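Please read the structure below before turning to the comments.
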Amino acid sequence: MTAQPHFHPGTPPLRIEGVYKSFENKLALKGVSLTLEAGRILALLGPSGCGKTTLLRCIAGLLPTDRGSIWIGEQVMSAPGLYRPPEARELGMVFQDYALWPHMTVAENVEFPLKMRGIAGSERRHSVAWALDTVGLAEFAGRSPETLSGGQQQRVAMARAIVARPRLLLMDEPLSNLDKGLRESLALDIRRLIKELGLSAVFVTHDQQEAFALADQVAVLQGGELHQIAAPQVLYDFPANAGIATFLGSGMVIPGRFTAQGFHVGEDGHVLPFHAPMAQDEDVTLFIPRRAVSVCGQQATVTAEVAAVVFQGEQHGLRLRLSPSVELTLHSRHAPRVGERLSLAVDAPCLRAWRLDGQAVNVHSAPVSARSARDPIHRHVNPRKQDNEFTDWKDSARRDPDRRIEHTGMGG
Ligand SMILES: Nc1ncnc2c1ncn2[C@@H]1O[C@H](COP(=O)(O)OP(=O)(O)O)[C@@H](O)[C@H]1O
Ligand SMILES: [Mg+2]
């Protein structure tokens, strides 16, 4: 079964323009604009207090906006001097605590939005049966929600949100009250359900794994501002600023300066062989994404000392020290020794740097001609220790000639 579209194909199900919202003179939303395409799932991701729930409640009509406009389909719902209440917006909503009524049965809970819309009894019964069947809870219709597990209550809340075939589904932290294992399987179930029903959805989460698993697009909110909206992989690989890179933990974020010698790590003065002539001698933040780094013997860019190795089942988590203050975590199938020095290749085109005003600058690594053919390890890091490092690497390569450490680029 697919939902009936409530608006012309091509009209985005949700459009938000310049929305501001304050509480007691404190701005919770600072000019948020975004568009959701039909059939897409959008995650609002950000740390606690960044305004995610406030934005969702403005979309739902549970809060009026101070400024800006919100369209649902072709209809303007919030605008200067105009505010349509939640009932007029015909949305499905899943609240963080599910908000199920304990004095009603599961079926009565699911039926409630249909009653509110004045839908006839026979049609209501048909729709409730469909919704409960869709979420796999047909046999629980007569039970009280309090007798159900957390996962089942979540499904009742989903059934109630979809029963009236809403034009847009809104969910606030839909999985945050569940155990980790259940969260992962339910995230996939919810995604499949939304796609099968052809719904468009916006959900709030502070958990990037949940955002990546469930969403087609992720909007990162920080301090009431929308900083980036992109597909999960794009967001992870190309964060728009240092704040997003830090929040996602997809690599190392290092304050410092580029000079003719290379990148000087701000905290310890260590020099890494990366250059940015356009931003020389300016304070910047360098981002080295984890996916840009691989452990290898050839064409090494930098070396790193193994600070810790954590057995994680199918892989090992390595903590690698590039300088006294800079550590990178990587995943590896093999376990090097703690204290061992590894040669790392860094794919320079993946690097990003930003000036303090947020402006991006291009980064490249030292030209190959700057290094000798015999010495694949950079000269800049620590010339005195260079020979030792090279011997270390040769030794470890001799012990295990097939040694190749792979990393998944995920996790931290
Ligand atoms: N009803 C309210 N009254 C006063 N301040 C509020 C209210 N709701 C939210 N806030 C404030 O607005 C900011 C954003 O809150 P919220 O949208 O709930 O964040 P999130 O969902 O991202 O954790 C926070 O500083 C919060 O304290
Ligand atoms: Mg919230």
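If only one of CYS58, CYS50 is part of a helix (DSSP H, G or I), surrounded by 21 or more Cβ atoms within 10 Å (Cβ to Cβ) and not hydroxyl-bearing (Ser, Thr, Tyr), which one is it?
On the way: CYS50 fails: part of a helix (DSSP H, G or I).
Answer to the check: CYS58.
Any idea which residue in segment 197-211 is surrounded by the fewest Cβ atoms within 10 Å (Cβ to Cβ), counting only those that are away from ligand 2 (no atom under 14 Å from the Cβ) and in contact (Cβ under 8 Å) with a residue 60 or more places away in the chain?
Applying the first criterion (away from ligand 2 (no atom under 14 Å from the Cβ)) to segment 197-211 yields 197-201, 208-209.
If we keep only those that are in contact (Cβ under 8 Å) with a residue 60 or more places away in the chain as well, we get 197-201, 208.
Numbers: LEU197: 17, GLY198: 14, LEU199: 23, SER200: 24, ALA201: 30, GLN208: 21.
That would be GLY198.
Out of the residues in segment 6-33 that are within 16 Å of ligand 1 (Cβ to nearest atom) and at positive phi, which is surrounded by the most Cβ atoms within 10 Å (Cβ to Cβ)? Don't jump to the end; show me each part of the working.
Looking only at segment 6-33, we keep the residues that are within 16 Å of ligand 1 (Cβ to nearest atom), and these are 16, 19-32.
Now restrict to residues that are at positive phi: 24-25, 31.
Details: GLU24: 5, ASN25: 5, GLY31: 14.
Residue satisfying both the conditions and the ranking: GLY31.
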Only one of LEU36, LEU42 that is in the same structural domain as LYS21 (by TED's automatic domain parsing), more than 16 Å from ligand 1 (Cβ to nearest atom) and closer than 28 Å to GLY249 by Cβ: LEU36
Qualifying positions in segment 66-96 - under 26 Å from the mean Cα position of the chain (by Cα) and hydroxyl-bearing (Ser, Thr, Tyr): SER69
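Assess whether GLN152 counts as being touching a Cys at 6+ places or on another chain (Cβ under 7 Å) and of a type outside the set (A, V, I, L, M). Walk me through it before giving the result.
Details: touching a Cys at 6+ places or on another chain (Cβ under 7 Å): no; of a type outside the set (A, V, I, L, M): yes.
In short, no.
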Residue within segment 367-389 that is surrounded by 16 or more Cβ atoms within 10 Å (Cβ to Cβ), closer than 20 Å to HIS270 by Cβ, modelled with pLDDT of 50 or more and in contact with a strand residue (DSSP E or B) (Cβ under 7 Å, 6 or more places away or on another chain) present: no
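Restricting attention to segment 74-91, does a residue exist that is within 16 Å of ligand 2 (Cβ to nearest atom), farther than 18 Å from ARG167 by Cβ and in the same structural domain as PHE140 (by TED's automatic domain parsing)? Quick ask: steps written out before the conclusion?
First, the residues of segment 74-91 that are within 16 Å of ligand 2 (Cβ to nearest atom): none.
No, segment 74-91 contains no residue that is within 16 Å of ligand 2 (Cβ to nearest atom), farther than 18 Å from ARG167 by Cβ and in the same structural domain as PHE140 (by TED's automatic domain parsing).
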Selection from segment 119-134 of residues that are more than 16 Å from THR105 (Cα to Cα), in contact with a helix residue (DSSP H, G or I) (Cβ under 8 Å, 6 or more places away or on another chain) and not polar (S, T, N, Q): ILE119, GLU123
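Show me the strands (runs of 3 or more DSSP E) found entirely inside segment 214-294 where at least 3 residues are under 15 Å from the mean Cα position of the chain (by Cα).
On the way: elements: 217-222, 225-230, 251-258, 263-265, 283-289.
Fully inside segment 214-294 and qualifying: 217-222, 225-230.
Yes/no matrix, rows are residues, columns are (1) in the same structural domain as HIS206 (by TED's automatic domain parsing); (2) within 25 Å of MET77 (Cα to Cα); (3) more than 16 Å from ligand 2 (Cβ to nearest atom); (4) touching a residue at least 60 places away in the same chain (Cβ under 8 Å):
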position	(1), (2), (3), (4)
ALA138	yes, no, yes, no
ALA141	yes, no, yes, no
GLN153	yes, no, yes, no
MET171	yes, yes, no, yes
LEU175	yes, no, no, no
ASP179	yes, no, yes, no
SER185	yes, no, yes, no
Number of the condition not met by THR2 [criteria: (1) at pLDDT 95 or above; (2) not assigned by TED's automatic domain parsing to the domain that holds GLY223]: (1)
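Of the residues LEU63, LEU100, only one is part of a loop (DSSP other than H, G, I, E, B), surrounded by 16 or more Cβ atoms within 10 Å (Cβ to Cβ), more than 20 Å from the chain's Cα centre (by Cα) and more than 14 Å from ligand 2 (Cβ to nearest atom); which?
Working: LEU63 fails: more than 14 Å from ligand 2 (Cβ to nearest atom).
When all the criteria are applied, what remains is LEU100.
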Residue match in segment 15-36 (condition: under 21 Å from GLY198 (Cβ atoms), touching a residue at least 60 places away in the same chain (Cβ under 8 Å) and within 20 Å of the chain's Cα centre (by Cα)): yes
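Residue-by-condition table, conditions (1) within 22 Å of ALA219 (Cα to Cα); (2) in contact with a strand residue (DSSP E or B) (Cβ under 6 Å, 6 or more places away or on another chain):
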site	(1), (2)
LYS30	yes, yes
ALA38	yes, no
PRO47	yes, no
THR65	yes, yes
ILE70	yes, yes
SER78	yes, yes
PRO86	no, no
MET104	no, no
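With VAL204, VAL218 as the choices, which residue is closer than 24 Å to TRP71 by Cα, touching an Asp or Glu at 6+ places or on another chain (Cβ under 7 Å) and aliphatic (A, V, I, L, M)? If you could, list the steps in order and put the result at the bottom.
Details: VAL218 fails: touching an Asp or Glu at 6+ places or on another chain (Cβ under 7 Å).
VAL204 is the lone residue from the list that is closer than 24 Å to TRP71 by Cα, touching an Asp or Glu at 6+ places or on another chain (Cβ under 7 Å) and aliphatic (A, V, I, L, M).
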In segment 105-150, residue nearest to ILE162 (Cα to Cα) [restricted to those that are of a type in the set (D, E, K, R) and surrounded by 16 or more Cβ atoms within 10 Å (Cβ to Cβ)]: GLU111
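Count, please, the residues in segment 328-346 that happen to be within 26 Å of the chain's Cα centre (by Cα) and not β-branched (Val, Ile, Thr). Outline the logic, then answer.
To start, the set of residues in segment 328-346 that are within 26 Å of the chain's Cα centre (by Cα) comprises 328-333, 346.
Subsequent filtering for residues that are not β-branched (Val, Ile, Thr) retains 328, 330-333.
Within segment 328-346, residues that are within 26 Å of the chain's Cα centre (by Cα) and not β-branched (Val, Ile, Thr) number 5.
Does ALA88 satisfy the criteria of being part of a helix (DSSP H, G or I), more than 16 Å from ligand 1 (Cβ to nearest atom) and at pLDDT below 95? Talk me through it step by step, then tell me what you get.
Values: part of a helix (DSSP H, G or I): yes; more than 16 Å from ligand 1 (Cβ to nearest atom): yes; at pLDDT below 95: yes.
Answer is yes for this residue.
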Meets criteria (within 16 Å of ligand 1 (Cβ to nearest atom) and touching a strand residue (DSSP E or B) at 6+ places or on another chain (Cβ under 7 Å)) for PRO174: yes
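The values are calculated or read from the model by the stated rules, or taken from the named source; none is laboratory data. Everything numeric here is computed off the predicted structure, so don't read it as measured data. All Cβ positions, glycine included, derive from the backbone under ideal geometry; neighbour counts span all protein chains shown.
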